[in-house]
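Since the structure comes first, as structure tokens, the remarks are kept for the end.
The values are calculated or read from the model by the stated rules, or taken from the named source; none is laboratory data. Since this is a predicted model, take the numbers as computed values, not measurements. Don't worry about glycine lacking a Cβ; one is built from the backbone with ideal geometry, like all the others, and counts go over all protein chains shown. The accessibility values were calculated without ligands, DNA or RNA, using every heavy atom of the protein model including side chains. Shrake-Rupley method; radii C 1.70, N 1.55, O 1.52, S 1.80 Å.
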Amino acid sequence: MPGMPRKAVLAAASIVLLATGGTGCTGSSGSGATDDPNAKTTITFWHGWSAPAEVKAIQENIALFEKAHPNIKVKVVGNINDDKLNQALRAGGSNGPDVVSSFTTSNVGKFCSSGAFADLKPFIEKSKLDLDAIIPKPMLEYTQFEGTRCALPLLGDAYGLYYNKDAFEAAGITSPPKTWTEFAKDAKKLTKAKGDSYEQLGFMPNYHGYETVVDHYMSQWDHSYFDDSGKSNIADDPAFAEMFTYQKKLVDDLGGFQKLEKYRNTFGDEWGAKHPFQTGQVAMQLDGEWRLGMAKDAGVKFEIGTAPMPVADDEVDEYGKGFLSGTIMGIAPQSKKQNAAWELMKYMTTDTEAVVSFANAIHNVPSTFDALKSPDLKVEDGFKTFVDIAQHPQSNTPPASVNGSTYQTTLQDFGYQYESGKAKDLKAGLKKTADQIDRDIEQAK
């Protein structure tokens, strides 16, 4: 998550990791967990971070782990994407990883159902971890699939609204919008046309706009991607038609698809200093917690405000929720050092000091209750918004599927067709898309 640039309050269990007395699992079916976690050994950890500050933060965490576990040395390999990871997990062998991480929460269904990541149940039970008391519910949900927990969250990303306070003041807007109706009015107030383009756009609604994708929008409506039988629900749940209708009207009201696309093509890179929110080209932006640090590093000339994204007009009691995702960690099923691997994974995902220090270093949201409440967490102006979103009971992420994010891609593809006007019949389009999603999932089983 780009840190990869990156509900109720519960008392989190305190995890104390000692240099001895590891909690090993022996004889668990297919786990390969027969190693002595107290024996001298070297394990390999693969991760996807590549920026110098991120790599440094990983190394600092590993150094603290090795100090607490002098018998375990960790070989760290960075800049590993999911393709490389999948190849290594399929191949196995002594050169492969023991502990792995991925930025792709939508692949958890694949990882768990295929056995690409080891089942963590025996390790969790042996360590007597009460995960419900340690980790926020949405993060627990996106690290398991159909009852199999094959991953744990390693920091999280929470998405909210960034707004240009100077532009708000100039437009006479006194507070961020809480409902989608208010949001549309503000977006229009903030838009200043300039010929066939814009001097300032209130908000870029197009799905190809940075982070304005279907699943990020949908998180702000009560919705269900699948029904109780596991079939796609997008044609039957009215929330989907409401969102597509709203987004299309916003596109039309702000100038139309073609005009917006032309303007979008003038934007700088999403991860560079010329991001359109940072340059003032757009006054409001849907984005993750990392944008705050990136915008400040870019030296923006205006005051930045942050807030949760708005919600449906009849769901205002759920205001404060948002889209969540994050990095996940797992254990390679072919590893012969799974007990030692678990010690590292347990440390990085549940030890409060480790989680807080890593969150501070890469400007991500912590993934445990204790870390979220820690006085050592650096909560700068604006960042608390995302800490609160991460703990909101209605914050959500799309459910895992046996074929990963394929169903989200299929729905997003329909979104591109509908917003551009190529698809005219919303009801028929959602039904056709639902049927395709069901066929794809059936074929993947």
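Going through the cross-link list Lys67/Lys346; Lys56/Lys296; Lys110/Lys137; Lys337/Lys384, which pairs have a Cα-Cα distance over 27 Å in this structure? Kindly include the intermediate steps, with their values, before the conclusion.
Working: Lys67/Lys346 15 Å; Lys56/Lys296 21 Å; Lys110/Lys137 20 Å; Lys337/Lys384 39 Å.
Correct reply: Lys337/Lys384.
Add -39500 (n - 2.57) for each DSSP H run of 4 or more in the chain, then divide by its residues: what number comes out at 222 nm, to the nearest 500 deg cm²/dmol?
It comes out at -11500 deg cm²/dmol, rounded to the nearest 500.
Just reorder Lys84, Lys248, Lys337 by solvent-accessible area, largest first, 1.4 Å probe, all chains present.
Details: Lys84 100, Lys248 40, Lys337 70 Å².
Reading off the accessible areas and sorting them downward yields Lys84, Lys337, Lys248.
For Lys194, put the label point 7 Å out on the Cα→Cβ axis and report which residues of region 285-299 keep their amide N under 20 Å from it.
Residues 285, 299 fall inside that zone.
Starting with the highest mean, order 55-62, 317-324 by the number of other Cβ atoms within 10 Å, averaged over the residues of each peptide. Don't jump to the answer; show the numbers that get you there.
Values: 55-62: 17.1, 317-324: 21.1.
Top of the packing list down: 317-324, 55-62.
Given the peptides 103-111, 190-198, 369-377, arrange them by the average over their residues of other C-beta atoms within 10 Å, most packed first.
103-111, 369-377, 190-198
When ranked by the protection proxy of mean other Cβ atoms within 10 Å per residue, highest first, what sequence do the peptides 345-358, 397-410, 39-52 form?
Numbers: 345-358: 22.9, 397-410: 20.6, 39-52: 17.9.
Packing order, densest peptide first, comes out as 345-358, 397-410, 39-52.
Dipole of region 113-196, Cα-centred, from +1 at each Lys and Arg C-beta and -1 at each Asp and Glu C-beta, to the nearest 20 debye?
Its charge dipole is roughly 280 debye.
Return the sequence-ordered ³J(HN,Hα) values of region 394-403 in whole Hz as given by the Karplus equation 6.51 cos²θ - 1.76 cosθ + 1.60 applied to θ = phi - 60°, using x for Gly and Pro.
Here the 3J(HN,Hα) series is 9, 5, 7, 8, x, x, 5, 9, 4, 10 Hz.
Work out, step by step, the length gained on full extension between Lys432 and Tyr416: first 0.36 nm times the residue separation, then minus their alpha carbon distance; give nm to one decimal.
The span from Lys432 to Tyr416 would gain 4.3 nm if fully extended.
Any idea what the dipole of region 192-332 comes to, in debye rounded to 20, about its Cα centre with Lys/Arg Cβ at +1 and Asp/Glu Cβ at -1?
920
How many angstrom separate the Cα center of region 146-164 from the Cα center of region 274-310?
What the calculation gives is 20 Å, centre to centre.
For the chain, with the dipole built from +1 on Lys and Arg beta-carbon atoms and -1 on Asp and Glu ones, taken about the Cα centre, which of Gly299, Ala361, Gly92 lies farthest toward the positive end?
Gly92
Pop the C-beta distance of Val76 and Lys40 into the FRET formula with R0 = 22 Å and round what comes out to the nearest 0.05.
With a Förster radius of 22 Å, E is 0.75.
Distance between Cα centroids, region 356-390 to region 63-104: provide it in whole Å.
Value for the Cα centre distance between the two parts: 25 Å.
Whole-Hz ³J(HN,Hα) for each residue in region 313-325, computed from phi via Karplus 6.51 cos²θ - 1.76 cosθ + 1.60 with θ = phi - 60°, x for glycine and proline: what do you get?
Calculated HN-Hα couplings, in order: 4, 9, 10, 5, 5, 9, 4, x, 7, x, 7, 10, 8 Hz.
For a quick check: with amide H placed at 1.01 Å from N, whose amide H comes under 5 Å from Gln200's, ignoring anything fewer than 5 positions away on the same chain?
Counting only residues 5 or more places away or on other chains, the set is Lys192.
Can you work out the Karplus-derived ³J(HN,Hα) for every residue in region 249-256? Use 6.51 cos²θ - 1.76 cosθ + 1.60 with θ = phi - 60°, whole Hz, and x for glycine or proline.
Each residue's phi maps through the Karplus curve to give 5, 5, 4, 5, 5, 8, x, x Hz.
So if we plug the beta-carbon distance of Glu353 and Asp83 into 1/(1 + (r/R0)^6) with R0 = 35 Å, what FRET efficiency do we get, rounded to 0.05?
0.60
Lys/Arg Cβ at +1, Asp/Glu Cβ at -1, dipole of the chain taken about the Cα centre: which of Pro177, Ala312, Met284 is farthest positive-ward?
Met284
Put +1 on the Cβ of every Lys and Arg and -1 on every Asp and Glu Cβ in region 368-431; which of Gly415, Leu426, Pro398 then has its Cα farthest towards the positive end of the dipole?
Leu426
When the dipole is taken about the Cα centre of the chain, and only Lys, Arg (+1) and Asp, Glu (-1) are charged at their Cβ, what size is it in debye, to the nearest 20? Numbers along the way, then the final one.
On the way: 46 positive and 58 negative charges, 198 e Å.
Dipole of the chain, to the nearest 20 debye: 960 debye.
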